[in-house]
Amino acid sequence: QVQLVESGGGLVQAGGSLRLSCVASGSIFSIFSIETMGWYRQAPGKERELVAGISRGGSTNYADSAKGRFTISRDNAKNTVHLQMNSLKPEDTALYYCNAGVTTTGGVFNRYWGQGTQVTVSS
């Protein structure tokens, strides 16, 4: 079993910054390789959307709304992914979810989700 645990959400004023982190963990026999990791968000009444993704090799992609303001990074040795969010806007308010594609030691690939961390940006 693989778990993703997010942290770093909170309340911030418009123009401020937050850094989200996500750690993937499991039994020593669970994780063989973590492929693409990413951050999604879901605002009330809206569908979940991709914010940013990063491959194991470090290639990144961003939603247009995140380009120039957010930076995704990962530490493969620590099974972690971060999202640095600058120049936050009220429309960035949402529940942010970590997502990871994991190949287990048994050779099975699955995508996992964290429980979400709330980001609220006040105007």
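The values are calculated or read from the model by the stated rules, or taken from the named source; none is laboratory data. Because the structure is predicted, anything quoted here is derived from the model rather than measured. All Cβ positions, even for glycine, are placed from backbone atoms using ideal geometry, and neighbour counts span all protein chains on display. These area figures cover heavy atoms from the full protein model, side chains too; ligands, DNA and RNA do not enter into them. Shrake-Rupley method; radii C 1.70, N 1.55, O 1.52, S 1.80 Å.
Ranked by the mean number of other Cβ atoms within 10 Å of their residues, highest first, the peptides 94-101, 46-53, 83-90 come out as 94-101, 83-90, 46-53.
Computed over the chain, the alpha-carbon pair-distance distribution with 5 angstrom bins reads 2, 12, 23, 24, 18, 11, 6, 3, 1, 0, each value a whole percent. Peptides 32-45, 2-15, ordered by how many other C-beta atoms sit within 10 Å of their residues on average, highest first, read 32-45, 2-15. Distance between the modelled labels on SER87 and THR120, one decimal in nanometres: 2.6 nm (7 Å Cα→Cβ projection). Of all aspartates and glutamates in the structure, the ones whose alpha carbon falls short of 18 Å from that of LYS89, not counting any fewer than 8 places away in one chain, are GLU49, ASP64.
With distances taken between every two different alpha-carbon atoms, region 43-108 has a Kirkwood hydrodynamic radius of 13.5 Å.
For region 1-69, the normalised intensity computed at q = 0.14, 0.22, 0.24 Å⁻¹ comes to -0.57, -1.21, -1.31 (log10 of I(q)/I(0), Debye sum over alpha carbons, equal scatterers, no solvent). Does a label point 7 Å from the Cα of LYS67, set along Cα-to-beta-carbon, have any residues of region 15-40 with amide nitrogen under 17 Å, and which are they? Within reach of a label on LYS67: no residues.
The label-point distance for SER30 and SER59, in a model that sets each label 7 Å from Cα toward Cβ, rounds to 2.8 nm. For GLU35, the residues whose modelled amide H falls within less than 5 Å of its own, excluding neighbours fewer than 5 places apart on the same chain, are GLY101, VAL102, THR103. Note that the chain presents 52 Å² accessible area per residue, ligands and nucleic acids not counted, probe 1.4 Å.
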